[in-house]
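Since the structure comes first, as structure tokens, the remarks are kept for the end.
Just so you know, all these numbers are worked out from the coordinates, no wet-lab data involved. Remember, it's a predicted structure, so these values are computed and weren't measured experimentally. As a convention, Cβ positions derive from the backbone with ideal geometry for all residues, glycine included, and neighbour counts pool all protein chains shown.
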Amino acid sequence: MKYTKLTLVSALCLLPLMTAQAEEIAPSVDEASESSLKANLKRLALEYNQNSVSNKDEDDDYPGTFNSDEQENITFLFDGNIEYATNTMVWLNSLFMEYGKSKTTENGETTDSENADKILLTTDYTHKVWKLEEGIIGPFVSLGYQTEFTTFEGADGDDYRTQILRAKAGMKLYEGKHFKELYAALVEEADFTYGSAIMKTGAEVGYQFEYELREGVKFVSDGYYRRFFEYDKYERTDYEYEAETNNRIDVAIVNGFSFAPFVDYHNAKTRGANKSRADTTVGIALGYNTSYQFF
């Protein structure tokens, strides 16, 4: 545990030195100072969807979003950021929010189920080292805070709210022709969900992909795979691994509005469970996106 954390901390500490050296061996990056500041509303969407959860009755050690089986839901989603860029770096400050809930009544009893509940604040710095024909490659660091709108009931019957600080350090391809983001990183988490912090160390790979099928129609996909290999204490609801992929076909309507059928897949295994659990969501969405250039 100490060795792995030392490796991650060392990578974070050595990053400025790595990037400084990289600038010297990357003459393709222009010397002239250029900068821009943009606000990007990547996606504001209202989704109508249905969930299907595998192994739902096998184990109890899963959060509420893995229990909304075969139910129709309405989900709200917001994904936006403020982007500051120069010829040598990109700094993103992002906010992602989603919430989906359904109510079912059977034999006079009403049950609430959540299929989505996440708030994620992230600040992300990427240094431009190698400039490609389309896109750049370089080291990055990020710090994020993940929480949720509502509490969930733990295995002990008490209510808890997800509260996680997550730091990453790795390498990233940014704004490529089709891969808008492709990265690999070490991850360190401080999980305060159950009170005192649980420290976790792992690794993560992720991507954002876009492909124009024809004018006004494009395939959009994003996802990640995160696996933890060291913890400083045991909590049976902590994930051993987690994978997610979100896929949609955006059909432009007018003035930034789009219509999108989509399929999302989320798979995870907790430390206390015998089997992994998968949540598949299919649906349609009405979305909107826009950008504003400050300079």
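Among residues other than ALA190 with Cβ under 9 Å from its Cβ, the summed charge is -1 (Lys and Arg +1, Asp and Glu -1). Taking other C-beta atoms within 10 Å as the exposure proxy, PHE219, PHE96 rank PHE219, PHE96 from fewest upward. Qualifying GluC sites (Glu not before Pro) in region 203-238, where qualification requires a DSSP coil assignment and no more than 10 other C-beta atoms within 10 Å, comprise GLU215.
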